[in-house]
Amino acid sequence: MILREDVAAMRTNVLVTGAAGCIGFALVRALVARRVSVRALALPGEDISKLESLGVEVRRGDLAASESIRGLADRIDTVFYLGGRVTDWGKRRIFYRDIYEATKNLLEESGGKVSRFVYVSSIAAFGMGRHLRGVRETDPIRKTGHPYNDAKCDVEHQRALSYGMDPRIILRVCADAARCAAPFHEAHGFGHGAR
């Protein structure tokens with residue numbers, strides 16, 4: 001997920017948003033194993049028992065509600081942004097609230113406080129509804145009219161280039177949906193192959 005050299009060079013106070021999610025929790029677990037001090041952000045009402053079992057500091061808040069994240073980046077050196085709306089359907093305004101506005105809120109909270117901001121985006125930024133074989137990370141991202149894709153594009157185009165944090169890093173991931181969904185299905189009694 002992240003390079004060992006990066007973790008070794010990383011300052012000791014890290015914030016992980018989306019920490020109770022599949023990728024976020026895997027990152028928190030890896031950071032804790034490397035003795036990095038982690039502050040985890042979880043949504044109000046989200047199950048945080050696994051995070052608490054790792055001994056990390058857990059804060060509750062909603063990135064789309066700026067007042068709920070005031071002070072979140074205090075004494076933080078590196079932010080890993082994994083929050084956002086992850087689904088294929090929904091209203092455009094909801095995607096923009098949960099992706100674009102939420103990112104803007106955390107960038108504003110982090111400005112002047114953190115030295116590194118790692119934004120976890122998606123390969124969807126390259127355009128949904130087309131085959132991505134042969135696409136390179138240097139290829140331009142493009143909007144397609146799908147709200148998830150478009151919100152990710154707008155964040156990468158406008159927000160990641162501001163707020164004075166250097167370096168700004170964008171990772172475009174493609175989650176292994178089957179591996180991430182399996183523990184959810186087991187925990188909720190759906191069994192293997194559930195839909």
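Nothing in this text is a laboratory measurement; each read-out follows from the coordinates by a stated rule. Predicted model, so just to flag it, every value in this text is computed and none were measured. Backbone-built Cβ (ideal geometry, glycine too); neighbour counts: all protein chains shown.
Would you kindly state how much longer the chain becomes between residue 49 and residue 133 on full extension, computed as 0.36 nm times their sequence separation minus their alpha carbon distance, in nm to one decimal? Write down the numbers at each step before the final one.
On the way: separation 84, 0.36 × 84 = 30.24 nm, distance 3.94 nm.
Between residue 49 and residue 133, full extension yields an extra 26.3 nm.
Which length gain, in nm to one decimal place, applies between residue 108 and residue 91 when the Cα-Cα distance is subtracted from 0.36 nm times their residue separation? Each step should come with its number before you reach the end.
On the way: separation 17, 0.36 × 17 = 6.12 nm, distance 2.49 nm.
Length gained between residue 108 and residue 91: 3.6 nm.
With each label point set 7 Å from Cα along the Cα-Cβ vector, what nm distance links residue 57 and residue 115?
With each label point 7 Å from Cα toward Cβ, the separation is 1.8 nm.
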